[in-house]
Amino acid sequence: MLNPPSSGSQAPEGAPAIADVLNGPQADAAAHVDGPMVVFAGAGSGKTRVITYRIANLLATHRVPPYRLLAVTFTNKAAGEMKRRLENLVGPELVRDLWVGTFHATCARLLRRHYEAAGLGKNFIVYDDDDQRAVMTRVYKDLRIDDKRHPMRQVMGRIQREKQDGLLAADFIPSNPIEAVVSRCFSAYEERLMAANAVDFDDLLIRVLRIVEDQQSSAGAELRRKFVHVLVDEFQDVNRVQYRLVRGLSHKTHNLFVVGDDDQSIYRWRGADVTIVRNFRKDHPDAKIVKLEQNYRSSANVVAAALGVIKPAADREPKELWTDNVPGDHVDVVACASERDEAAFVAERIRELMDAGVSPAEIAVFYRVHAQSRVLEEVLRSERIPYQVIGGVRFFERAEVKDLVSYLRVVSNPKSDVDLVRIINVPSRKIGDTTVEKLAAMASELGVSMFEAIEPLVRSDRLGTPAKKALAVFHTLMAQFTTIADTASPRELAERILAETGYVAMLEAQGTDEAEGRLLNLQELVGSIEEYEREALAAEEVPNIAGYLEKVALVAVTDELKDAPRVAMMTVHAAKGLEFSFVFLTGMEEDMFPFRSQDPSRSGDIEEERRLAYVAITRARLKLWILHAERRMVFGGTKYGMASRFIADLPRDVIAEKRTEVLRASAGRFIDRDGWGASSRSEPTRPGAAGAQGRLAWSHPQAGPAGGGATRPVTASGRSFEPGERYVERDDDAAPQGFRRRMPPDAPRPGGMVVGAKVEHKTFGIGVILEVDNAPDATATVKFSGWSPKRIKVRFLEIVREIG
DNA sequence: GAATGGCCCGGCTGC
DNA sequence: CGGGCCATTC
């Protein structure tokens, strides 16, 4: 039962009892409180609900103090959502002190308290992949290691694998010459990170784990008894370090509650070990086991399709997913001519859905790899369908964003050499590579950071006067920022850095649309700092740079998903844990999905690909399209692909096979018995005809130019969509208001710069104007051959041919 | 020391 | 195809 707590009146009136809200096994999982417990939660079986209610139950009924309760989620977004739901159940007071977060965020937070036990300085920073690579590049230089003989990718991969097992450099015993090199890099890398007062993602976990498992340290004892209950979501994707960690943290009470679905384990390449969840009961003989097997999310046809794909998987925890939901519409399996045809088909269906009143936020497009997003983006953009791409070139990986972040990091933690090197000459201040190398040499001679080495180097006789001067100027500048940081808010500091380093001026001087985009990104970054300040104040904390930087380092791709009315485009990996009413699963071809790496040493794991397909399918609530293309441009060349083996695993009776018109026009004049324009709803193509695997062997891949594939308007889940009034939804892009100086619509257009005009740009060549605004310093969207449409100031364009 | 162009090589998933 | 690195040139 869920009773409001006696003190305070946080719980809303009539908070429902668990039994009223959750169904049988869900209620079991939420209400049973003592000892270890594993919940095998099938896709769409309501596990988030179970965890939320369980926490609410622990807080409200069992009076567990919120600060003694740890819930680990897979993304920050999931953590935020869980908190929001809990606030509605038990009130914000209790939720504020809960520990809810990802493994990395939780460890970072714990490490902030116990940094000394980990041998770190107070303002340690978290290095991301880029930073790690930068450090390793230095290590390679120092140790004179040949990247050709020992590719950095491999060496770093090896180090990472060691760390995912909880091992650090000192634990690594090389057993051959190659491993000896790895070992040297490992040690040097670790030393550099320690010297920079930095940790990488794996360190965050390992450092905390080492404290937790240290029987001698008082910090360890504190952590081992800190939490009364530990809950872990998406447990199928934990690695061994994470498992040891939650075991250690729940050591005192053994109240370890984990929820997962071994069928959805898709991060093995990142160290996840699905056997951990499968063996949970062996490790914990007293564990209670609950299985949630009823799917509440998807139409019966979608569930059947998902089961068809996952059934052949080896080594599953036995379970039977089922549903009470209506069959709904068929799963459409659509054969396309090319990736453009595929994108056009997707765009058309989305258009129809939107015309029928479906919010774009209810629609998602999935792909196996980011590279597939480009064509989809181009087509959606030209169709004016609002979309957002999750992941890909991520916001915090953009050069200008990283630059500002690096400035902040150097101010917060001057020991961070990779950040110093990044910004020491951006904007250009005449400090070249040679000077930087001398600085690095000086630093290692003196055994100090590069920042600390600036003064001695300036006083030495190793530099010419101009270089000395430039360095001194830089040093003074940074010292100023450090002073400012003592009193100013993070946002003020960021703004002053942008202004006083000349960074903004540099971009403004460039005047290109690219530079303008960068300015917008910086604005957005400043905005995110502001947001952080608000959040910190709301949580009664003092906002500081270190706090902001930590947040920045730990954002997950899925955290970027905004609740905006836009179609979401993402990889299947990023889709985990999400759900959408309408889902397009693109690129279902052999070698694409299942993905096959060119590099045979990284041979893919078919089992994991299968689970990945299962995850993708189970995201759909009402309607699913599975698309595959005959030919696809891959890294410059055209690849002819067969339909994925997973398509052959779909039960025949739940799918409808279709082909786009482009494909029919190219390959099957006589296949199309209905004649052109007859618009048959489904065109059976029986992939089963070819071979035991039932794959369609493609025959005539000489389709015409890309265009709109078309089949009939779809019906979803019994609903039929009447052709609605067409409307155009503006893709208002990322540009916040105020940055685009819009003029009244009747303002004069710059001469000849109208839609359709042919123009020339000195970098992009000849292009056609797709769109132009009316400002005096107008911006046009131009399609240049070989480029996606670009926004460019018309003053950089020259008219080649006017529209008559 | 900076800017530009050409060449080569990699080629997924991401905290 | 595209990014990153290197060499050449100003």
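The values are calculated or read from the model by the stated rules, or taken from the named source; none is laboratory data. Note that the coordinates shown come from a computational prediction; the quantities given were computed from them, not determined experimentally. Here Cβ is always computed from backbone atoms with ideal geometry, including for glycine, and neighbour counts include all displayed protein chains. Ligands, DNA and RNA are stripped out before the accessible areas are found, and what is left, the full protein with its side chains, is counted by its heavy atoms. Shrake-Rupley method; radii C 1.70, N 1.55, O 1.52, S 1.80 Å.
Criterion first (closer than 17 Å to A:Gln236 by Cα and of a type outside the set (D, E, K, R)) does A:His104 satisfy it?
yes
Scan region A:54-79 residue by residue and report those that are open to solvent by 10 Å² or more (accessible area, probe 1.4 Å) and either in contact (Cβ under 8 Å) with a residue 60 or more places away in the chain or in contact with a helix residue (DSSP H, G or I) (Cβ under 8 Å, 6 or more places away or on another chain) (or both).
Correct list: A:Thr61, A:Val64, A:Pro65, A:Pro66, A:Arg68, A:Phe74, A:Thr75, A:Asn76, A:Lys77, A:Ala78.
Residues that are within 26 Å of the chain's Cα centre (by Cα) and crowded, with 20+ Cβ neighbours inside 10 Å: does region A:275-286 have at least one?
Checked region A:275-286: at least one residue is within 26 Å of the chain's Cα centre (by Cα) and crowded, with 20+ Cβ neighbours inside 10 Å.
For region A:415-433, what are the residues that are open to solvent by 10 Å² or more (accessible area, probe 1.4 Å) and under 20 Å from A:Asp129 (Cα atoms)? Don't jump to the end; show me each part of the working.
Of the residues in region A:415-433, the ones open to solvent by 10 Å² or more (accessible area, probe 1.4 Å) are A:415, A:417-418, A:421-422, A:425-430, A:432-433.
Of everything in region A:415-433, those that are open to solvent by 10 Å² or more (accessible area, probe 1.4 Å) and under 20 Å from A:Asp129 (Cα atoms) turn out to be A:Lys415, A:Asp417, A:Val418, A:Val421, A:Arg422.
Being open to solvent by 10 Å² or more (accessible area, probe 1.4 Å), among the hydrophobic types (A, V, I, L, M, F, W, C) and closer than 22 Å to A:His370 by Cα is the filter here, so list the residues in region A:330-357 that pass it.
Selection gives A:Ala344 alone.
Report yes if some residue within region A:318-339 is assigned to a helix (DSSP H, G or I) and either of a type in the set (Val, Ile, Thr) or touching a residue at least 24 places away in the same chain (Cβ under 8 Å) (or both); otherwise report no.
Yes, region A:318-339 has at least one match.
So if I check each of A:Leu457, A:Leu446, which one is under 21 Å from A:Arg192 (Cβ atoms) and either within 16 Å of DNA strand C (Cβ to nearest atom) or open to solvent by less than 50 Å² (accessible area, probe 1.4 Å) (or both)? Don't jump to the end; show me each part of the working.
Values: A:Leu446 fails: either within 16 Å of DNA strand C (Cβ to nearest atom) or open to solvent by less than 50 Å² (accessible area, probe 1.4 Å) (or both).
Residue meeting the stated conditions: A:Leu457.
Give the residues of region A:521-530 that are more than 21 Å from the chain's Cα centre (by Cα) and either over 17 Å from A:Pro490 (Cβ atoms) or among the charged types (D, E, K, R) (or both), sorted by residue number.
Result: A:Glu530, single match.
Please state which one of A:Arg224, A:Arg244 is open to solvent by 10 Å² or more (accessible area, probe 1.4 Å), more than 30 Å from A:Lys319 (Cα to Cα) and basic (Lys, Arg).
Details: A:Arg244 fails: more than 30 Å from A:Lys319 (Cα to Cα).
Going through A:Arg224, A:Arg244 in turn, the sole match is A:Arg224.
With (1) closer than 20 Å to A:Thr779 by Cα; (2) touching a strand residue (DSSP E or B) at 6+ places or on another chain (Cβ under 9 Å); (3) at pLDDT 90 or above; (4) not charged (D, E, K, R) as the list, and A:Gln523 as the residue in question, which single condition is left unmet?
Answer for A:Gln523: the failing condition is (2).
Determine whether region A:251-260 contains at least one residue that is in a strand (DSSP E or B), under 28 Å from A:Leu578 (Cβ atoms), open to solvent by 10 Å² or more (accessible area, probe 1.4 Å) and of a type in the set (A, V, I, L, M, F, W, C).
no
Identify the residue in region A:121-133 that is away from DNA strand B (no atom under 14 Å from the Cβ) and surrounded by fewer than 19 Cβ atoms within 10 Å (Cβ to Cβ) and, among all such residues, is nearest to A:Arg158 (Cα to Cα).
A:Gly121
Would you kindly identify the helices (runs of 4 or more DSSP H) lying entirely within region A:472-580 that contain at least 3 residues that are farther than 24 Å from A:Arg429 by Cα and touching a His at 6+ places or on another chain (Cβ under 8 Å)?
Output list is empty.
Which condition from (1) within 11 Å of DNA strand B (Cβ to nearest atom); (2) crowded, with 24+ Cβ neighbours inside 10 Å; (3) under 22 Å from A:Asp315 (Cβ atoms) is the one that A:Ile617 breaks?
If we test A:Ile617 against (1) within 11 Å of DNA strand B (Cβ to nearest atom); (2) crowded, with 24+ Cβ neighbours inside 10 Å; (3) under 22 Å from A:Asp315 (Cβ atoms), just (1) comes out false.
So A:Gly604 passes all but one of these: (1) away from DNA strand C (no atom under 16 Å from the Cβ); (2) modelled with pLDDT of 50 or more; (3) not in a loop (DSSP other than H, G, I, E, B). Which condition number does it fail?
(3)
A:Val436 versus (1) open to solvent by less than 80 Å² (accessible area, probe 1.4 Å); (2) within 16 Å of A:Tyr407 (Cα to Cα); (3) within 16 Å of DNA strand C (Cβ to nearest atom): which is the lone unmet condition?
Only one criterion in (1) open to solvent by less than 80 Å² (accessible area, probe 1.4 Å); (2) within 16 Å of A:Tyr407 (Cα to Cα); (3) within 16 Å of DNA strand C (Cβ to nearest atom) is unmet by A:Val436, namely (2).
So that you can scan it fast, the table gives a plain yes or no per residue for (1) touching an Asp or Glu at 6+ places or on another chain (Cβ under 8 Å); (2) more than 14 Å from A:Ser412 (Cβ to Cβ); (3) at pLDDT 90 or above:
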{"site": "A:Glu530", "(1), (2), (3)": "no, yes, yes"}
{"site": "A:Glu533", "(1), (2), (3)": "no, yes, yes"}
{"site": "A:Ala539", "(1), (2), (3)": "no, yes, no"}
{"site": "A:Gly547", "(1), (2), (3)": "yes, no, yes"}
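Just to be sure before I move on: is A:Thr137 hydroxyl-bearing (Ser, Thr, Tyr), within 16 Å of DNA strand C (Cβ to nearest atom) and either under 27 Å from A:Val212 (Cα atoms) or not in a strand (DSSP E or B) (or both) in the structure I sent?
yes
May I ask you to verify whether A:Arg207 is modelled with pLDDT of 95 or more, surrounded by fewer than 24 Cβ atoms within 10 Å (Cβ to Cβ) and not hydrophobic (A, V, I, L, M, F, W, C)? So that I can check it myself, show each step before the final result.
Numbers: modelled with pLDDT of 95 or more: yes; surrounded by fewer than 24 Cβ atoms within 10 Å (Cβ to Cβ): yes; not hydrophobic (A, V, I, L, M, F, W, C): yes.
Taking the combined requirement at face value, the residue satisfies it.
Are any residues in region A:624-647 of a type in the set (Lys, Arg), within 11 Å of A:Asp591 (Cβ to Cβ) and in a strand (DSSP E or B), and if so, which ones? Lay out the reasoning, then the answer.
At the first step, the residues of region A:624-647 found to be of a type in the set (Lys, Arg) are A:631-632, A:639, A:645.
Narrowing the set further to residues that are within 11 Å of A:Asp591 (Cβ to Cβ) leaves A:632, A:639, A:645.
Result: A:Arg632, A:Lys639.
Of the residues that sit in region A:653-663 and are modelled with pLDDT of 95 or more and assigned to a helix (DSSP H, G or I), which one is farthest from DNA strand C (Cβ to nearest atom)?
Here the answer is A:Asp653.
Count, please, the residues in region A:631-643 that happen to be touching a Pro at 6+ places or on another chain (Cβ under 7 Å) and either open to solvent by less than 10 Å² (accessible area, probe 1.4 Å) or within 16 Å of DNA strand C (Cβ to nearest atom) (or both).
Residues meeting the conditions: 2.
Check whether at least one residue in region A:540-552 is farther than 30 Å from A:Asn197 by Cα, away from DNA strand B (no atom under 14 Å from the Cβ) and in contact with a Leu (Cβ under 9 Å, 6 or more places away or on another chain), and report yes or no.
Going through region A:540-552, the residues farther than 30 Å from A:Asn197 by Cα turn out to be none.
No, there is no match, as no residue in region A:540-552 is farther than 30 Å from A:Asn197 by Cα, away from DNA strand B (no atom under 14 Å from the Cβ) and in contact with a Leu (Cβ under 9 Å, 6 or more places away or on another chain).
Between residues in region A:135-147 that are more than 15 Å from A:Leu420 (Cα to Cα) and open to solvent by 70 Å² or more (accessible area, probe 1.4 Å) and residues that are more than 16 Å from DNA strand B (Cβ to nearest atom) and hydrophobic (A, V, I, L, M, F, W, C), which pairs lie under 8 Å by C-beta distance while being six or more apart or on different chains?
The qualifying pairs are A:Asp142/A:Ala188.
Name the pairs whose Cβ atoms lie under 8 Å apart, with the first residue in region A:423-434 and closer than 11 Å to A:Pro466 by Cα, the second more than 9 Å from DNA strand B (Cβ to nearest atom) and open to solvent by 30 Å² or more (accessible area, probe 1.4 Å), and 6 or more positions between them or separate chains?
A:Arg429/A:Val473
Please state which of the following conditions A:Phe595 fails to meet, knowing it meets all the rest: (1) more than 8 Å from DNA strand B (Cβ to nearest atom); (2) touching a residue at least 60 places away in the same chain (Cβ under 8 Å).
(1)
Mind checking whether some residue in region A:367-379 is more than 16 Å from DNA strand C (Cβ to nearest atom), touching a residue at least 12 places away in the same chain (Cβ under 8 Å) and either out of contact with any strand residue (DSSP E or B) (no Cβ under 7 Å at 6 or more places or on another chain) or at positive phi (or both)?
No, region A:367-379 contains no residue that is more than 16 Å from DNA strand C (Cβ to nearest atom), touching a residue at least 12 places away in the same chain (Cβ under 8 Å) and either out of contact with any strand residue (DSSP E or B) (no Cβ under 7 Å at 6 or more places or on another chain) or at positive phi (or both).
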